[in-house]
1. By average Cβ neighbour count within 10 Å, what is the ranking of 151-159, 203-211 from highest down?
2. Can you tell me which of 98-108, 9-19 comes out highest on packing, and rank the rest after it, using the mean Cβ neighbours within 10 Å?
3. Can you work out ³J(HN,Hα) from phi for every residue in the range 139-154, in order, using Karplus 6.51 cos²θ - 1.76 cosθ + 1.60 and θ = phi - 60°, giving whole Hz and x for Gly and Pro?
4. If I model the range 52-128 as equal point scatterers sitting on the Cα atoms and use the Debye formula, what is log10 I(q)/I(0) at q = 0.18, 0.23, 0.25, 0.27 Å⁻¹?
5. Per residue, how big is the convex hull around the C-alpha atoms of the range 12-108? Give it to me in cubic angstrom, could you?
6. For the range 74-98, list residues with backbone N below 13 Å from a point placed 7 Å from the Cα of Ala153 toward its Cβ?
7. HN-Hα J couplings of the range 219-226 from phi, Karplus 6.51/-1.76/1.60, θ = phi - 60°, integer Hz, Gly and Pro as x?
8. Could you work out the local net charge near Thr120, counting Lys and Arg as +1, Asp and Glu as -1, over the other residues with Cβ closer than 10 Å to its Cβ?
Amino acid sequence: MTTRAEYCVIACAEAWRDGGEILASPMGLIPSVGARLARLTFAPELLLTDGEATIVRPDGTAEGWLPYRQHLSLVTSGRRHVMMGASQIDRYGNQNISCIGDWARPKRQLLGVRGAPVNTLNNPTSYWIPKHSRRVFVERVDMVCGVGYDRAAEAGARHHRIPRVVSDLGVFDFATPDHSMRLAALHPGVSVDEVREATGFALAVPDEVPFTREPTAGELRLIRQVIDPGNSRAREVPL
């Protein structure tokens, strides 16, 4: 039986399908498992790194060198697809990882803006949210770190694109006339009403919503026996 965490791995892996020879920058356990799965199956040209200066194979062994100058060249030319987290995200894909509450006097300090503006304005950026709730999917983020479609249009960003948002409930995209968030797929066992109840704004929902695809037998073997034999994924999504 496929677990919810494994459906999330599949949904994350699909973010890198047909991307070509680009740099994958997954942040978080399940996105990392997804990127390695993509590399081992339908995206063999995908480039993985150790997070520093080395291109690595899916098993973590060195494959090449990526100097910082070359890394920045990939980032600023749209040849990287990063999957980040989000403490808050709104209907247009604006993301917050900096603070909760007013910036001048926040209720809670988080990671800080970090590289989110550069990521979102210069290369495709997807998001992974392990616990879908109204605290994360909000009407308006308290501070914009990752740039959404409404602000990117004003900035004239050439490479801005948010291919997908993956949560423990489903997959979301921005394939609407105004680039507002749309429910693209449900993970098996999840209902539309459940997603709506856990979202702090009105989602675009098509008449028929497909389910996240089933992993193949080969993909399940890779996930369970090769990439994550210790089942660490279940700690992030325990269902």
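1. Most protected by this proxy first, the peptides run 151-159, 203-211.
2. Result, highest mean first: 9-19, 98-108.
3. Computed from phi, the couplings for the range 139-154 are 5, 8, 6, 6, 8, 8, 10, x, 8, x, 5, 5, 6, 5, 4, 5 Hz.
4. -0.85, -1.08, -1.16, -1.23
5. Details: hull volume 13.0 nm³, N = 97.
Normalising the Cα hull of the range 12-108 by residue number yields 134 Å³.
6. 92-93
7. Values per residue, Gly and Pro as x: 5, 4, 4, 5, 4, 7, 10, 10 Hz.
8. +2
The values are calculated or read from the model by the stated rules, or taken from the named source; none is laboratory data. The model shown is predicted, which means the values in this text are computed figures rather than measured ones. In this analysis, Cβ positions are derived from the backbone assuming ideal geometry, glycine residues included, and neighbour counts consider all displayed protein chains. Side chains are part of the model used for accessible areas, which takes the heavy atoms of the whole protein and leaves out ligands, DNA and RNA. Shrake-Rupley method; radii C 1.70, N 1.55, O 1.52, S 1.80 Å.
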